[in-house]
Each structure stands twice: as structure tokens, then as C-alpha cells.
Number of protein chains: 4
Amino acid sequence: MAAKSIADTMTAAVMNGPGDLELTEVDVPEPGSGEVLVRVRACGVCGTDLEIRDYGWEGAKFPFVLGHEWTGEVVELGPDTTDIFSPGDRVASEPHDGCGLCVNCKVGKYTACLNYGEFSKGHKHHGFTVDGGYAKYSVMPEKLLHHLPEELSYQEGTLLTTAACSLYANERAGVEAGDFVAVIGPGAIGLLAAQIAKFRGASEVLVTGTRAPRLEAARAMGADHTVNVREEDPVAAAQELAGGKGPDTVIEAAGVHQAASQAIDMVRRGGRVGLVGNYGEGLAELDAQWIVSGDLDVTGVKAEGFNSIHRVTRLMSKRDFAMDPVLTHEFDLDEIETAMDTFENRRDGAIKVVVNI
Amino acid sequence: MAAKSIADTMTAAVMNGPGDLELTEVDVPEPGSGEVLVRVRACGVCGTDLEIRDYGWEGAKFPFVLGHEWTGEVVELGPDTTDIFSPGDRVASEPHDGCGLCVNCKVGKYTACLNYGEFSKGHKHHGFTVDGGYAKYSVMPEKLLHHLPEELSYQEGTLLTTAACSLYANERAGVEAGDFVAVIGPGAIGLLAAQIAKFRGASEVLVTGTRAPRLEAARAMGADHTVNVREEDPVAAAQELAGGKGPDTVIEAAGVHQAASQAIDMVRRGGRVGLVGNYGEGLAELDAQWIVSGDLDVTGVKAEGFNSIHRVTRLMSKRDFAMDPVLTHEFDLDEIETAMDTFENRRDGAIKVVVNI
Amino acid sequence: MAAKSIADTMTAAVMNGPGDLELTEVDVPEPGSGEVLVRVRACGVCGTDLEIRDYGWEGAKFPFVLGHEWTGEVVELGPDTTDIFSPGDRVASEPHDGCGLCVNCKVGKYTACLNYGEFSKGHKHHGFTVDGGYAKYSVMPEKLLHHLPEELSYQEGTLLTTAACSLYANERAGVEAGDFVAVIGPGAIGLLAAQIAKFRGASEVLVTGTRAPRLEAARAMGADHTVNVREEDPVAAAQELAGGKGPDTVIEAAGVHQAASQAIDMVRRGGRVGLVGNYGEGLAELDAQWIVSGDLDVTGVKAEGFNSIHRVTRLMSKRDFAMDPVLTHEFDLDEIETAMDTFENRRDGAIKVVVNI
Amino acid sequence: MAAKSIADTMTAAVMNGPGDLELTEVDVPEPGSGEVLVRVRACGVCGTDLEIRDYGWEGAKFPFVLGHEWTGEVVELGPDTTDIFSPGDRVASEPHDGCGLCVNCKVGKYTACLNYGEFSKGHKHHGFTVDGGYAKYSVMPEKLLHHLPEELSYQEGTLLTTAACSLYANERAGVEAGDFVAVIGPGAIGLLAAQIAKFRGASEVLVTGTRAPRLEAARAMGADHTVNVREEDPVAAAQELAGGKGPDTVIEAAGVHQAASQAIDMVRRGGRVGLVGNYGEGLAELDAQWIVSGDLDVTGVKAEGFNSIHRVTRLMSKRDFAMDPVLTHEFDLDEIETAMDTFENRRDGAIKVVVNI
């Protein structure tokens, strides 16, 4: 039963079905076995929020509360929980709730759960297929919470999921100390990936994109070189900057088929490519011969895998990590439409938009 | 200077230029610093021989002797050699002679030498850009020779380079004990890859192809399942055989763009794909979104990398390794045209054709 | 509530405290959230059973039912379970139940859960600190069950946990195709590790030990060489057999400090050593300089980590895997004392002893 | 033949035998096949120099010129060299010259060449077994040279070999972004390893040692915590600072058996230990049980392996890398005795001593 101080109902941004997002009053949830009730404080707007809003999501159990990049404060522990979290603890959440039984979940690849989207097999994706964080309260399995260090505000903490994708992209692509790294696509994931590449010892980082202000943000976050692909051929430019042979590692975060193609074209023989963009339908035209001749590694990067949130939390809280250039806007929950619009249309240079709750 | 028993000239299959392969008399070479003179005994016909014959090769230094899958006997050591080889030793050769200075060569990725094709930077590809093995004698850098165990005949030894590609494909694709492995393309590399997958502990191996006799050879070499792609959709068949979710690992050895596409389509979430085919020009249409959503590893496999010849030599000589289904034909050097024709047109069920010298 | 056909109580081998193992009547358990009730069919005797019997175990919650290598049949699903298991399914169990929240559990290293032995933090080790399988029924979290293929009997299935340790040892030690592998200690883990090394493509496997019948069993399971350490110096013998430089990989399964020392002494430069023995108290005297000079990898192997049960189940059920030489004895539950005595004192050549239930 | 401007003889620090280091006049060497003549500019004093001076080295070919951490300028190319280096190029050298044929050399583990110390099998260790850099000129195989970027002075360049060991230690120990890293032993390797750990994204770095000035240097190079092991128990302190469970990674650079023991004792379950110290004779008493129970990785770190000099050169030249706290003293070649004495007795706070030539 919920603590006395908690109201019975709350306002939430609820997905009733594809194309039907509604700000409405719902019951405050109660934590079940192994679950924790959290008072949500802030939730970031992600590109997939818009996709879910408009088209739904594989395996969605309508109606559910949208939002998956959120932080808050522990209110109450359900039965069968550990003593790892206590009421009052500041926490960040992780959205992928793998089945826990498949060959991927068992070895830390839970973002690629074999039972993805299959609720009856134990898979849940919080904020995608079941309740998420655009509400005053949310219930989460204990194992999907992380302590939010005092060095990070609730708003900064909403970046953790995104930054974890960026870190995982660096890890999957094998960015090494000394590497020349090219990052394609200066959205939030790309910008954070560029900065994290420097934290992994990249000697030089190039960011390519189409918008001057974003490339400026890239430089503010540590990029050594930027190329505007509207002005220069990014493949030729990357190879020249990297000394003729091409970058050691390329992270593709633009989510455009042509960019995936360029990522493979520009990397040096023996290099590594991490694809973290959201490509949607259709096929990319890739140079398969170069993948072979170059003995390349091309890796897919599915979200914040392999507990990368843990590592990026330590990185962001203990090191001098730039977040301001990315955290551009804040709104309240009742302004969620404006928040989404600001994000979607990149109004006023918006990169990351946070909804305070 | 060459030993007295060696003639001054020899017959060799010489590439004078693209489209100009000639069986002609040339000088017996002399070993330079760090080099060894070898009496060639057998040389296998490879698909790339035909490609070189017709179109030449990146960085070729015409004229040169063709042939890169060969075994023989050490005749004479050049200056500055070690005591690792002695006259009379039976040896197998390795064709990729990386520059030895670049970031790839230094860490065992010499088949992807950054200076590939650049003679002035120290790169040589024996039988591709400089002298190879379709001749009575060949000179090789000592470091490109391997002792040929007594358990392997000279003819069997010509398979080592090919089998090393197949092993490297298994290694790059990360075939693990317990895996369901699909191999696309039952040519020599694919058939050997299927068998090697079993030696790496694959629980089940599927081979897909278009020719019934080749699929029969696959079963003779240990494949548990075969699918004729002219009769069944290989993606659906592979997924069903693998229990619904798809193979854990896929090795694509057909060298056809559509097959590369199928390899990615059929693999399970979290799975691994190794591309070892020769795709040539053009682009493959690949599902980039699935690479990301599936957190896939797609790796290029450039030839017999990372000293795989050493490991496969031990595997083939010490274990009960089937070679007969692949070693289908033998010819003499003066029949090289027939040998190549037999291979190229798969006459009489030809898979691997060996030229005795 | 339990199904009608199930009795209220059952006989179980219960640990009341260190040195106090009792065959007694206890309540049949009921499955909680995410749990499954299983009718146990067979449970293997492990060396740690004896250790627990005599000394207890870190974090033990007395009283609890002993036994952790067991198979059975699903009887009933608790609340919040998936549809992955159904009543009647044949299953094998996995004992390590990590907290699910720590940095190790999150990435598949749950056998090394950071909260090992801390019940309040969610760690349970079934048969070690909480109820196991020496009883007619046992309750397990769904995620610790694996489908037992029809190719394996319940008795053979009790080997899965042990064989998974052996496989994990091969994986941690990085046994590669072509390797010369030395296995020290022909107990069940060592014998199975030797066989699995062959399945991973080892070209030659040496097993060293002190008992002739065990070395005979090793040869029956595929070892190419055996050395009786009472008759020969194992380090010298291993190096000679491996061609002078030492084995590529060594798996130490004897659990004796001196054997750990020998493992490091015998491996070649650049080689890999996996320690899977149970060494207990005291310190091993190891050549730290050789670890450095040899650029060695020395890895600890904590039980059936990283979902190795899944992979070994496929290996054992789909390939021609020898189990008979290891499965030497069977007893009934009321003979558990005799079973343990037979195992402990290796009576009648006992290697693995199974208790049918 | 040497260029006209080069004298016929030069002063060199020559090892005539164990205990017999002499500053004497020797012939200027001429580059052979694949070799390059370099005008040495600076050579760092390493702890192994003192060891070689006093006791010789495995496989030493007396007499030879001592010194292996050196930089200089290309003077002349021998025959069979590439166009990668040209006269006038600034270069740094790498001392390990593996046989190039063994299983380690072939895959980038040339510092652990299987033929280590065997000259007849092609192994040379420049400055250890054959001529090194305490002389005006030195001849090196082309493949052991690296371009020295203009951002690094000749003196700074002498740090590259040491820093490459530190980087390789980080790589072998698997330091990841977010890790709490403990470095034992604030000598040059340890101090540089601590700094490099930060460049690899370590969230916090602890350095333990016995000398206050060195711990101060550690803090100047980025260490977050230091512990004087004369005042505190380093195991308890490291575990407390790391939040109770121990560091994620430990790099042991003190080269003392007790420190190796502490490294293993302090690391968390599932953690990684890199041993890079020079332990010499005798055995370390290590907790083998903890290696197993903790599923630990204990890796030996043999010098500047796997082309780490390349990566560290890029790191040191392109990033803001602190070198001053380590580069404490400079001398001329005729003061080599004083240079060695200053280094050996750590006079005047000496950490790294450079000999200008």
C-alpha cells in the first residue's frame, strides 16, 4: 500500500494508441514484487518518444505512460526488494527490462532481448511498451534503477540513458586510446559520443553534420575537427584529416542510410564502425567488398546495453563532463506538447529538452 | 647463389599483364636477405587466380608468377635467415606479406595491411602482385613459410590457405561451442568453414547453396542441415531450423550481394555475421536498422589473417579432418589451362583443383 | 497453492548447520513471484556438497536443503511467470542466483555477484545458502531453469552444471582451434574440460593426474596424452609434448596450490591459464615474473558463469559427447550418506555420483 | 656506405659483459637490409639498464651498446627499405625485435616472442642483447621506428617506450570508462599508467606508494587519491575508497612480490589485475582461491606490446599530456655514470633521467 503522503491519482502523459497521446489523470501505481515506487522529478524528451507518439511501438500494451529518460526519488519499496535502495534515495532509471531468461539477457545484452516485445515472455520496455516516466510517480523493477550521484542534478540525470548509448557505441566500436574517431551526426547521442571518445583517449575527434550550431556544440564538447557535409564530402574530408588512410573508428549517429554508407567508406582498413542511428525502414547500400577487404568490424549499437548506464554515471559524476551544450531546454509536464514540439522542430537550437515533473 | 643441382631456368605460369597469362621459361630466382628458395610441389587453383588472370590485381608488378596456395620443400636459405628452416624441410606458404610497419601489420592484421598494394611501402602479395607458386621454384620471405606436418601431403597442404580463411571466418564471426551456425555458399571456403565450425563446437551447422552435389559434400563434411536456396527461402528455413529466432552465427561465403543481405536478415538478435565472400563491385542492400536493433556484429574476413594458417595446420594434421570431398582434381603444371577451366566451370563436380609441379 | 496431486511434506537432505546434515521431513515449498515448482528427478553429488556439509558456506541461511546439480520436471508456475516453461517440461537448474543489480550480474558475471552471500542484497546460491535439490520438490526462480533436451536423461542432465564449469574454463582460458591444451586434475571438471577442449578444436590435449584409472578415463574422453605426476615431472613432460615451448593453454582443475604453480610454469610465453580448482585457504606460490615476462593471461573461473549451461546443454545434446566414463554411480535419496561416502572416498572408481529422487 | 658527414667512430656506452659497462670509442654502424641509420639525440635511463649493467641479460651478444629508450633523426636508409622514412625524419625507437615467425610475433605479441633471447632464431632486443642507443648513431630495423611528432621534443620522446608499457598495462588490465583504478608503485611506469587510466575514462584513480614526493607527482599527474603504504594498509584503504568492494582494476607497477599479492587482494570480484612490475627471482604468495572465486583476470604485461607505442605517441602528442613531473633530470653522454647513479639512488627526487647525445 502506498504511503499516506501520496495522492491516489496523478497527471500523466498516456499513450492510448498510435497517434493518441493524452495528458490525463491516472491512478498512482503500487510496487509489486521486486519493484520500487519512484517520485519522478525529470524526464528527457527522446526522438523515440515522438515515434511512439505517432506510430506506437512493437509490443506496446496500451494504455501506458510515455517517457523513458527519467530520474526521481525512491518513495516506497515493494515486497521482495533488497536493501540496496531506500526511500529518499535519488535514482536514475534504465528502460530495457529484458526477459532475463534468453541467451542475450543472460550475458548483459538485454537491450537485444531475444523476446523483445513479447510481454508474455517477460519482456518490458518501460516508456515504450509499459509505463514510463511522464508522470509524478512510476513503478520500476529494482534492477532497473541506479543511484544518482549528488554531483548530478535530476535534469542532468535525464541525460544518462542517452549518454549510455553513446558510451556503448564507443565500446562496441572499440574506440581506443590514440584513435582518430569520426562521429557522424551531431544530435545528442553523437555529441555525447564525441565527448566520450575523448574520455576513452581518442587523440582526435571529427564530427560531421549539416547544421552549423550543432557543429559548434561539437567543438564546445571537445571535437577537434568538424565538417559540414553540405559544404564538403565527408568521406574525403575524414580521410584527409586522418592522414590519408581514414579514421580508425567511425560512430554513425545520424540514422540516415547514406550516412551508414559513408561510415563504411571512410574508415581505414582494419577499422571499426559502430552504427547507433535509428534507420527505420528500407535498406542501406553498403560496400560489402570493403567490409571484407578491409577486415572491418561493423557493429550495431542497441541503446544503453551492457550496463553502460553504470559506467557513464561514474564518468559524468566524477569527471569534468560537459552537459550544458546539450541540455538546452526545460518545460513542465503540462507543457509536454510544447516540449515535444521544441525538440522535434529543433526550435531555438534545441538539442535535449527536459520535462520537469 | 643457387645450389649446383638447380637448373638455371624453369617453366612458370607468368602474368604479363591483365588477360595475359603465359606458360613460359624464366630464371630460377635466388633468395635475398631473410628469404628462402623453395622447390614448389603443388599449388591450388583459387578463384582469385582467375580474377588476376583476367583483370590483374591492385598493385601488381608485371610480369610475375601466378599462384598463392602452394607447398614445397626448402632448397636453400638466403642470407640473414634463422635456423628455423633447413634445406629439405617440407613447407606451406602464406601469400600476404604486409609492410610490417603499419598499425594493422603490427598487430597481426597483416592481410589488411594499410599499405596494401603499395610496393614502395613494403607491401607484397605473393602470387597477386609479385612472384607466386606456379613454377618449379619460388622465393619467399622466411616469415611467410610454415612447417608442413608429415600427416599432410603436398596436395592436402595446398588447402591450408583456404582453410585458414575458413578458420579466420569462424574466429572473426565468433563461432562458439553450442552455436547454431549457418554457412551460406558451399564453395571450398564455405565447406571448410562448415567443418571448422563443428571443430569449434557448433552444435548444429546449416549449409545453404544452389547445387545439390555441393550440398551433398557439405553433409559429407559434417553439416547437419542443408537448404537448396532454389527450392526454399534460406532466411525462413534457417530461422525455423534454428528454433525460430535465427542462427547464432552466420558465415557468408557465397560472395553475392543478395547472400550478404540474407546473412544479416537471418541471424538472431545479438548474433554475429562473418562476411568472407568476394563481392566485387556494386553495393549490397543491407538492413541497417536490424544491425542496430539486433546489436549485431558484422565482421569482414580478409583472407587467412591473424596467423590462422598456423592454427588450421595443427587442426588439419592432428585431428580427423575431412579433405577428400573438397580435393576433387589434380593436374600437372603444363595442364594449367585445363586445371583452371575445370575449376572455373566446375567441370565434373570440381571444387578444389590442385596443380602438381 | 500447490496442485492437489502434491503431498504436503517430503523427505529432504537438510543442512541444519555446519556438520549437521539430516535426512528429514519438510514442507513442500510453494512458488512465489517469478518462481517455479519443480519435481526433482536426479541430483549430482559435488565436492562442494561435502564442504558445505562439514563447514557450512558463506551466507548460508540454515536450515536449507542441500544439492545444486539437479534436473526435474516443472509442476507448477508461480505468479508473474512467463510462458517459457509449462508444467511437464523437463528442466535443468542453475544454482547461482545473483542479485541482478551489481556490475557483475548485469553483464553475465553473476557467479561473481558483488553481493555474494548477502541475502539482504538479493543474492542466493541455491543448494549453498538457500534450498537446493536433495528433495522431491524444489522451488526455483524461472530464470535459473533451462529446458532439458530429450537427448539427455535426468541423470545425464545433472552433469550440466559441472560441464558448464568446464566449458566456462575453456572460454575464460581462451582455448582456440589448434591449441595444445594441458588439463591438470582429472576429476569431473577436468575430464569434461579435456573433452570440451577437443570440441573447441584443440589439436592435442594432455591430462595430468595422480590416479591411473582417472587418466584412463581421460583417454576414453579424448585426451591424446596423459602424464602421471607421481612418475613424471608434469612441467617438463608438458613442455616436451608440446614441442618444447609449453602448452598454449593450461586448465588447472586439481585445486591444489602446487598445481596452480605448475600451470603457470608450464604454459608457453603468451599462453593462457584458467584456474578452476577449489584451492581453499592458504596462498599459492606463483612465479609472478613469468606472468609478466610471458605476457600471460591467468584467469579465475568461477563456476558455470556467463550462461555456459546453455551452450554446454546444446553441445552435450546435439553432439556425440561422452558422459559414461564420468557418470559412475547412482543411488537413491535415502542412500545419500552412501552416495556421499562413495564420492568422497572415490570408492569403486567413483567419479560422478548421482542421487535419483 | 655511410654519408660523408658521418665520422667513422663514435663514443658509446658499451656492455662488455655483466658488470662491465664502458664508455668507449666504437665504429659507426652501417645499416643492412631493411635497416636505418639514426643519429641518436636522447636516450632515457631505465631500471633494466642498471640490471643489464650489473648482471647482463638473457641472450646478450656482448659487446653491445646499452640503451633502449631513445629518439633521434634518420641519417641513412639501408637497402630494401621502404619510402616510409626519409633522411631527416625525427623518430622514436622500439626495442623488441621479435623473430617475426612465431605464434606470438605473428599476432602482435612480439614482446613475448617465443624465441626470446635466441639470436639464431631471429630474436633481438635492442639495447638488451644487441646494440642500443647510448651512442651517437644506432642502426635499427625500419619496422622498429616510429615517426616522432613535432609536438614532442627528443627528450619527451624518450618517454614513449615507458608510456607504451603503461598504456599496454591499461589495455591488458582492461581499464574501462567509469572504472575506479588503483595503481601500485609510483615509478615512471606507474605514474604514467595512472595518467593514462584517466585518458581511458577512469572515474577515479588511486596511487599507492612509499615516498611522499612520488605520491605528490601522482596527484600532479591526475591521481584522485594517494595512499602511503607506510602509513596505511593499502588493501583496506583501496577497498574503502572504492566504495567497499574494491577497485575495478588494479595495475601493479611496484615490482615487489608483496605488492602483487596486495593487487589481487584488493580488487573487487570480477575485477582485473595487470602486473607490469619487474619481480625478479622468487615466488609471489598469491590468493589462488580469490582469483577463482572472484572470476578475476590477472594479466602479465610484457613491456610495450601490441604496437602500444603508436597509440601512446598519438595520445602524448595530440592531447594535453603531463610529462614534466616525470622528466626530472638531463645529462650528457659522458656523464652517463652520474645519470645512472642519479636514477638508481633517486637523487634529488629523480624519476626519469634522460641522457642527451
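Here are some notes:
- Flag set for D:R314, criterion: within 14 Å of another protein chain (Cβ to nearest Cβ) and within 17 Å of D:L192 (Cα to Cα).
- Of all residues in region D:43-102 being charged (D, E, K, R) and in a loop (DSSP other than H, G, I, E, B), the one that is farthest from D:H310 (Cα to Cα): D:K61
- Set B:E304, B:E344: member being in contact (Cβ under 8 Å) with a residue 60 or more places away in the chain, within 26 Å of B:L21 (Cβ to Cβ) and within 14 Å of chain C (Cβ to nearest Cβ): B:E304
- If you filter region A:250-270 down to residues that are more than 9 Å from chain B (Cβ to nearest Cβ) and either under 25 Å from B:C102 (Cβ atoms) or of a type in the set (F, W, Y) (or both), you find that the one that is surrounded by the fewest Cβ atoms within 10 Å (Cβ to Cβ) is A:D265.
- Failed item in (1) surrounded by 24 or more Cβ atoms within 10 Å (Cβ to Cβ); (2) closer than 25 Å to D:Y134 by Cα, with D:L333 passing the rest: (1)
- For region B:254-279, a tally of residues being small (G, A, S) and farther than 23 Å from B:R214 by Cα returns 2.
- The set of residues in region A:245-291 being within 24 Å of B:T111 (Cβ to Cβ) and assigned to a loop (DSSP other than H, G, I, E, B) consists of A:K245, A:G246, A:P247, A:D248, A:V267, A:R268, A:R269, A:G270, A:G271, A:D287.
- Only one of the numbered conditions (1) surrounded by fewer than 23 Cβ atoms within 10 Å (Cβ to Cβ); (2) at negative phi; (3) not β-branched (V, I, T) is violated by A:D348, and that is (2).
- When the residues of region C:308-337 are filtered to those that are among the small types (G, A, S) and assigned to a helix (DSSP H, G or I), the one that is nearest to B:V175 (Cα to Cα) is C:S308.
- Which listed residue is over 23 Å from the mean Cα position of the chain (by Cα), on the phi < 0 side of the Ramachandran plot and away from chain A (no Cβ under 12 Å), from D:D224, D:D233: D:D233
- The listed residues are D:K136, D:K124, D:K143, and the only one of them that is at the interface with another protein chain (Cβ under 7 Å from one of its Cβ atoms) and of a type outside the set (A, V, I, L, M, F, W, C) turns out to be D:K143.
Table: residues versus (1) assigned to a helix (DSSP H, G or I); (2) surrounded by fewer than 22 Cβ atoms within 10 Å (Cβ to Cβ); (3) within 14 Å of chain D (Cβ to nearest Cβ); (4) without any contact (Cβ under 8 Å) to a residue 60 or more places away in the chain.
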residue	(1), (2), (3), (4)
A:P149	no, yes, yes, no
A:E156	yes, no, no, no
A:A177	no, no, yes, yes
A:V181	no, no, yes, no
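- Scope region D:59-76; condition over 23 Å from D:L160 (Cα atoms) and within 14 Å of chain B (Cβ to nearest Cβ); matching residues: D:G59
- When region C:88-106 is filtered for residues that are more than 14 Å from chain A (Cβ to nearest Cβ) and either touching a residue at least 24 places away in the same chain (Cβ under 8 Å) or closer than 13 Å to C:G127 by Cβ (or both), the ones remaining, listed by number, are C:R90, C:P95.
- Just so you know, in region D:203-244 the residues that are of a type in the set (D, E, K, R) and part of a loop (DSSP other than H, G, I, E, B) include one that is surrounded by the most Cβ atoms within 10 Å (Cβ to Cβ), and it is D:D224.
- Scanning region C:66-120 for residues that are charged (D, E, K, R), under 24 Å from C:V14 (Cα atoms) and surrounded by fewer than 23 Cβ atoms within 10 Å (Cβ to Cβ) turns up C:E73, C:E76, C:D97, C:E118.
- Annotation for region A:261-272: no member residue is of a type outside the set (D, E, K, R) and under 30 Å from A:S93 (Cα atoms).
- Some residue of region A:271-291 being closer than 13 Å to A:V183 by Cβ and without any contact (Cβ under 8 Å) to a residue 60 or more places away in the chain: yes
- Answer from B:G56, B:G47 - the residue that is more than 10 Å from chain D (Cβ to nearest Cβ) and in contact with a Pro (Cβ under 6 Å, 6 or more places away or on another chain): B:G56
- Among the residues listed as A:S33, A:S93, the single one being among the polar types (S, T, N, Q), more than 23 Å from the chain's Cα centre (by Cα) and assigned by TED's automatic domain parsing to the domain that holds A:A135: A:S33
- Only one entry in B:L144, B:L148 is outside the structural domain of B:R214 (by TED's automatic domain parsing) and touching a Lys or Arg at 6+ places or on another chain (Cβ under 8 Å), namely B:L148.
The values are calculated or read from the model by the stated rules, or taken from the named source; none is laboratory data. From a predicted model like this one, the values you see are computed outputs, not experimental measurements. Cβ atoms come from the backbone with ideal geometry, glycine included; neighbour counts cover every protein chain shown.
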